[in-house]
Amino acid sequence: MALLPVPEAQARLIALARPLPIEGVPVGEALGRYLAEPLVAARTQPPADLSAMDGYAMRQADMPGPWRVVGESSCGHPLGGPCGAGEAVRIATGALMPEGTDMVLMQEDAAREGAALALTGTPPDPLGKHIRRSGNDFAAGAELLPEGTHLGPAQLGLVLSAGHNFVAVRRIPRIVVIDSGDELSDDAGGCAVHQIPASNGVMLEAMMRQALPCTVERIGPVVDTLEALAKALKAAEHADVVVTSGGASVGDHDLIRPALADWGASLDFWKVAIKPGKPIMVATRAHQVVVGLPGNPVSSHVTAYLFVLPLLRALLGAAQCLPRPIAATAAEALPAGGPRQEFLRAAFDGWAATARLNQDSGALGSLARANALIDRPVNAPAVEPGGPISLYLLGNGGIA
């Protein structure tokens, strides 16, 4: 079976995702979600002309003064009446411009004694310069954000500013992570010599929870028997996505593929031209998507980053599902690439990246010290120190 190129495998996986049902949630609970429909303004912002400075509101026709101060307009407390000829109103930044006024004189350019106000500095140029006009930010009916926009702090503020208490988003995905392998122990402090701590399930759950809103249930460690795997898969029938770790290769004890077939899942693809992580497997069962990850911890992490997280973004309705590479500089020489697209653990300082870390697929220590993955395409040419590279930033807490 020919190995599937990484971009093709990612595209095929994302194509399997059917965005989850739409629900309306309070804006304060929507952090990290994606708009399920365009955001359209229900109000105009600002709704009326506001002062952009502390000073005095008046008529341009009355320049250069003097004026008589007849009241005050502050934020939330407008004057409550018109401002006539020869009159001025004390005004605060963000306050409503009084009826009849069309300019603001900064307080630094005016001298006041009692109700008498005189020009002492330079008038604004143009005279209406210090006014935030109605609709300066947006007008009612305008489309402010497209469907699929990621909702961060600024976007949530905009939703409220646009006049919405609720926002349409996709339901949070339900994920089950199954950690399998006879060698795994759920007691990290009491492993026998033939065992290793079952770290992948916790790592994958943390990775998904850190990146996206989701619910994650862990099952395992599960022993390498078809009966045990069948029981674990039965317990995952409520999930939108099932992520398995281990048992996806071709050894005698790698039973994920036959277990999925017995469960009624249909294989979409198996084995990708990627290093680390070649044995990654994708299957579907009714509405469910199953992603079988390799058991080696680094392979599991890298393939989850490049495949599982994009799948979850697609289920959440994201416009941009794949991670975005950034341009960087190689801090050291990199050899030519091979027949598989390779992702090297790297320490990135914001400008240059070094891959002088243990690249073994079982070396979790180097993954924890990395904060980036250098992308080495299939048959990539060698790179000299200072040469251009492409990389992905990891959110795993690593420090360059």
Selection count where residues are aromatic (Phe, Trp, Tyr) and not assigned by TED's automatic domain parsing to the domain that holds residue 371, scope region 307-358: 1
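Rundown of residues vs (1) in contact with a helix residue (DSSP H, G or I) (Cβ under 9 Å, 6 or more places away or on another chain); (2) among the aromatic types (Phe, Trp, Tyr); (3) outside the structural domain of residue 234 (by TED's automatic domain parsing); (4) over 21 Å from residue 244 (Cβ atoms), yes/no style:
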site: 150; (1), (2), (3), (4): yes, no, yes, yes
site: 166; (1), (2), (3), (4): yes, yes, yes, yes
site: 209; (1), (2), (3), (4): no, no, no, no
site: 214; (1), (2), (3), (4): yes, no, no, no
site: 217; (1), (2), (3), (4): yes, no, no, no
Among residues of region 202-246, those that are assigned to a helix (DSSP H, G or I) and either free of Cβ contacts under 8 Å to residues at least 12 places away in the same chain or under 25 Å from residue 266 (Cβ atoms) (or both), counted: 13
Total residues in region 273-292, condition part of a loop (DSSP other than H, G, I, E, B), closer than 27 Å to residue 380 by Cα and more than 25 Å from the chain's Cα centre (by Cα): 3
All positions within region 298-311 that are crowded, with 23+ Cβ neighbours inside 10 Å, farther than 19 Å from residue 376 by Cα and not β-branched (Val, Ile, Thr): 311
Qualifying positions in region 293-318 - touching a Ser or Thr at 6+ places or on another chain (Cβ under 8 Å) and part of a helix (DSSP H, G or I): 297, 298, 299, 300
First in region 84-108 and in the same structural domain as residue 65 (by TED's automatic domain parsing), second anywhere and outside any helix (DSSP H, G or I) and acidic (Asp, Glu), Cβ under 6 Å, 6 or more apart: 90/72; 92/54; 93/54; 97/49; 107/54
Residue match in region 361-370 (condition: buried (at least 23 other Cβ atoms within 10 Å of the Cβ) and assigned to a loop (DSSP other than H, G, I, E, B)): yes
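Residue-by-condition table, conditions (1) in contact with an Asp or Glu (Cβ under 8 Å, 6 or more places away or on another chain); (2) part of a strand (DSSP E or B); (3) loosely packed, with under 14 Cβ neighbours inside 10 Å; (4) modelled with pLDDT of 95 or more:
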{"site": "104", "(1), (2), (3), (4)": "no, yes, no, yes"}
{"site": "117", "(1), (2), (3), (4)": "no, yes, no, yes"}
{"site": "123", "(1), (2), (3), (4)": "yes, no, no, no"}
{"site": "141", "(1), (2), (3), (4)": "no, no, yes, yes"}
{"site": "155", "(1), (2), (3), (4)": "no, no, no, yes"}
{"site": "168", "(1), (2), (3), (4)": "yes, yes, no, yes"}
{"site": "175", "(1), (2), (3), (4)": "yes, yes, no, yes"}
Condition check for residue 344: over 22 Å from the mean Cα position of the chain (by Cα), of a type in the set (A, V, I, L, M), over 28 Å from residue 257 (Cβ atoms) and part of a loop (DSSP other than H, G, I, E, B): no
Sole residue being more than 16 Å from residue 177 (Cα to Cα) and surrounded by fewer than 24 Cβ atoms within 10 Å (Cβ to Cβ), chosen from 279, 325: 325
Filter pass, residue 56 being hydroxyl-bearing (Ser, Thr, Tyr) and over 23 Å from the mean Cα position of the chain (by Cα): yes
Strands (runs of 3 or more DSSP E) contained entirely in region 7-93, each with at least 1 residues that are touching a helix residue (DSSP H, G or I) at 6+ places or on another chain (Cβ under 7 Å) and modelled with pLDDT of 95 or more: 55-58
Members of region 79-102 that are buried (at least 16 other Cβ atoms within 10 Å of the Cβ), over 48 Å from the mean Cα position of the chain (by Cα) and not charged (D, E, K, R): 83, 88
Any chance residue 268 is outside any strand (DSSP E or B), charged (D, E, K, R) and more than 23 Å from the chain's Cα centre (by Cα): no
When residues of region 13-24 are limited to those that are out of contact with any strand residue (DSSP E or B) (no Cβ under 6 Å at 6 or more places or on another chain) and touching a residue at least 24 places away in the same chain (Cβ under 8 Å), the one surrounded by the fewest Cβ atoms within 10 Å (Cβ to Cβ): 21
Near pairs, Cβ below 6 angstrom, 6+ apart or cross-chain, from region 277-290 (in the same structural domain as residue 263 (by TED's automatic domain parsing) and farther than 14 Å from residue 260 by Cα) to any residue that is surrounded by 24 or more Cβ atoms within 10 Å (Cβ to Cβ) and at pLDDT below 90: 279/248
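The values are calculated or read from the model by the stated rules, or taken from the named source; none is laboratory data. Since the structure is predicted, the reported quantities are computational estimates derived from the model, not experimental observations. When we count neighbours, we look across all protein chains shown, and the Cβ atoms used for this are built from the backbone with ideal geometry, even at glycine.
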